[in-house]
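In what follows, a structure is listed as structure tokens, so that the remarks can point back to it.
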Amino acid sequence: MSEKAQIGVTGLAVMGRNLARNFARHGHTVAVHNRSYNRTKELVEEFGHEGTFLPSESAEDFVASLERPRRVVIMVKAGAPTDAVIDEFAPLLEEGDMLIDAGNAHYLDTRRREAALRERGLHFVGTGVSGGEEGALHGPSIMPGGSKESYEALGPLLEDISAKVDGEPCCVHVGPDGAGHFVKMVHNGIEYADMQLIAEAYDLLRHVGGHTPAEIADVFKGWNEGRLGSYLIEITAEVLKQVDADSGKPFVDVVLDQAEQKGTGRWTVQAALDLGVPVSGIAESVFARALSGGADVRAAAAQAGLPGPSATAGSHSGDLQADVEQALFASKIVAYAQGFQQIQAASKEYGWEIDPGAMAKIWRAGCIIRAKFLDFIKQAYDKSPSLPTLLVDQYFLDAVSGAQDAWRRVVATAAQQGIPAPGFSSALAYYDGLRASRLPAALIQGQRDFFGAHTYRRVDKEGSFHTLWATSERNEISA
Ligand code: 6PG
């Protein structure tokens, strides 16, 4: 074979196919391979005119059609299918070649695979890719992990096909081994939180404000022009505007109200629990999906007629629409602050040295959580890379302090009227927790010491102490 491909893609379902087309459209020769050859053939028949594809039926031919060092993008389901593909290709590769997993893999799997392949002289590059099918084709946000060396050989190609902001690629080397997949996982966690907050805003406008979905679509359209401007706000307006062709009802009223999930939000919360980072906004959004999907429990509650607030519950005491915008913005800031804190904690734990500002930078386009305010996150970390929380950056501090009265009114209204708003209220509770000069954690320490002699520290002297609770004197001793 004379011509060799710069990059190969194996796994040609829609994401893989679109990534392959994106590389080809950027002038790269792309080797393509799929378990069943039909898909490979179809890709070349349908889109062959877009660039140069080198189709192969066997893994051996596919590998042979790649220039060295070989770059093989794996785009198959996370978990066992990924391991199967690695097992198939690794023996065919040579030292310095790269296997790039562009699926939503768990970062611990990526760490395991990277270590195993490194032993064999191969680079394993766990790469987050966000933007769905359209993004994969027209420019996703790309979050590659793996070795620096692999990024030197691979980065320029990935940067080429990524989304751009003012000509700058939405792709950067995130850090070693599982760093890329970790960051993609947190991206998805933030995505869950963002979606939950938007859904709560809609619910309040609908059930407290009494607006129709079409009217609320216009509200979101307006918000999209302001500081909330983002892809998720934009598509929310589109979804709310949609009318069901069969029934003539708003689309949102004919869809079953049980949110599904593939698991990346849950992974984010599991990892946060291990790291000890309170990502309450992401956790509430995962739990809210679980609650919505708990059909049996909801049916039992409906049957029992769990009572709501009395008819005298007051109406909202301000401009609902303006207040909800404030609550949404403030809660969103909290969710992002928590997600970024989780990235920083993992970076420290695993020695990844992730630049949080660079993450905000590559999320400004291409990905699902792209939003205007990521510019401010980038600026905050550029100014102070080790910022303990975004909430202390001046822009966010001003935004949240400007929002807080409205935010409190919205949470109060939701509670009084019996509208579930776990995202808004937990974000506010987190905010109040952070600003509290004294937390009731002191009492918890006392309880722990009482029943388990777990000891406590004091505000006024060094060391650990224990009170002899079982004695009548209850004297304190140094522990
Ligand atoms: C993206 C999306 C993508 C996918 C989510 C959906 O960044 O392009 O996040 O990865 O749409 O996994 O997740 P759920 O099915 O769990 O909602």
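Answer with yes or no whether ILE235 is free of Cβ contacts under 8 Å to residues at least 12 places away in the same chain and either away from the ligand (no atom under 16 Å from the Cβ) or open to solvent by 50 Å² or more (accessible area, probe 1.4 Å) (or both).
Yes; evaluated as a whole, the condition is true for this residue.
Among the residues in region 260-272, are any modelled with pLDDT of 95 or more, touching a helix residue (DSSP H, G or I) at 6+ places or on another chain (Cβ under 6 Å) and open to solvent by 60 Å² or more (accessible area, probe 1.4 Å)?
Yes, region 260-272 contains a residue that is modelled with pLDDT of 95 or more, touching a helix residue (DSSP H, G or I) at 6+ places or on another chain (Cβ under 6 Å) and open to solvent by 60 Å² or more (accessible area, probe 1.4 Å).
Only one residue in SER437, SER464, SER425 is open to solvent by 90 Å² or more (accessible area, probe 1.4 Å) and on the phi < 0 side of the Ramachandran plot. Which one?
SER437
Got a sec? Which helices (runs of 4 or more DSSP H) wholly within region 146-231 have at least 1 residues that are without any contact (Cβ under 8 Å) to a residue 24 or more places away in the chain, away from the ligand (no atom under 16 Å from the Cβ) and of a type in the set (Lys, Arg)?
Here the list reads 179-207, 213-224.
What helices (runs of 4 or more DSSP H) completely inside region 310-386 contain at least 1 residues that are touching a strand residue (DSSP E or B) at 6+ places or on another chain (Cβ under 6 Å)? Step through it out loud before you land on a result.
Values: elements: 320-350, 356-362, 374-383.
Per the criteria, 356-362.
Restricting to region 188-199, give me the number of residues that are touching a Phe, Trp or Tyr at 6+ places or on another chain (Cβ under 7 Å) and closer than 21 Å to THR82 by Cα.
The total comes to 0.
Residues to consider are HIS207, HIS211, HIS173; find the one that is open to solvent by 20 Å² or more (accessible area, probe 1.4 Å) and either hydroxyl-bearing (Ser, Thr, Tyr) or in contact with a Lys or Arg (Cβ under 7 Å, 6 or more places away or on another chain) (or both).
HIS173 is the lone residue from the list that is open to solvent by 20 Å² or more (accessible area, probe 1.4 Å) and either hydroxyl-bearing (Ser, Thr, Tyr) or in contact with a Lys or Arg (Cβ under 7 Å, 6 or more places away or on another chain) (or both).
Scan ASP246, ASP257 and give me the residue that is within 16 Å of the ligand (Cβ to nearest atom), farther than 30 Å from GLU349 by Cβ, outside any helix (DSSP H, G or I) and of a type in the set (Asp, Glu).
On the way: ASP246 fails: within 16 Å of the ligand (Cβ to nearest atom).
ASP257 is the lone residue from the list that is within 16 Å of the ligand (Cβ to nearest atom), farther than 30 Å from GLU349 by Cβ, outside any helix (DSSP H, G or I) and of a type in the set (Asp, Glu).
Give the number of residues within region 133-145 that are within 10 Å of the ligand (Cβ to nearest atom) and assigned to a helix (DSSP H, G or I).
Summing the residues that are within 10 Å of the ligand (Cβ to nearest atom) and assigned to a helix (DSSP H, G or I) in region 133-145 gives 4.
Suppose the filter is out of contact with any Gly (no Cβ under 8 Å at 6 or more places or on another chain) and either free of Cβ contacts under 8 Å to residues at least 24 places away in the same chain or over 28 Å from ILE190 (Cβ atoms) (or both); does PRO91 pass it?
So PRO91 passes the test.
Please go through region 103-132 and give me each residue that is within 25 Å of the chain's Cα centre (by Cα), away from the ligand (no atom under 16 Å from the Cβ) and farther than 12 Å from GLY146 by Cβ, ordered by number.
The answer is LEU108, ARG112.
The values are calculated or read from the model by the stated rules, or taken from the named source; none is laboratory data. Keep in mind the model is a prediction, meaning the values are calculated, not measured. Note: ideal-geometry Cβ built from the backbone for every residue, glycine included; neighbour counts use all protein chains shown. Ligands, DNA and RNA are excluded from the accessible area calculation, which covers all protein heavy atoms including side chains. Shrake-Rupley method; radii C 1.70, N 1.55, O 1.52, S 1.80 Å.
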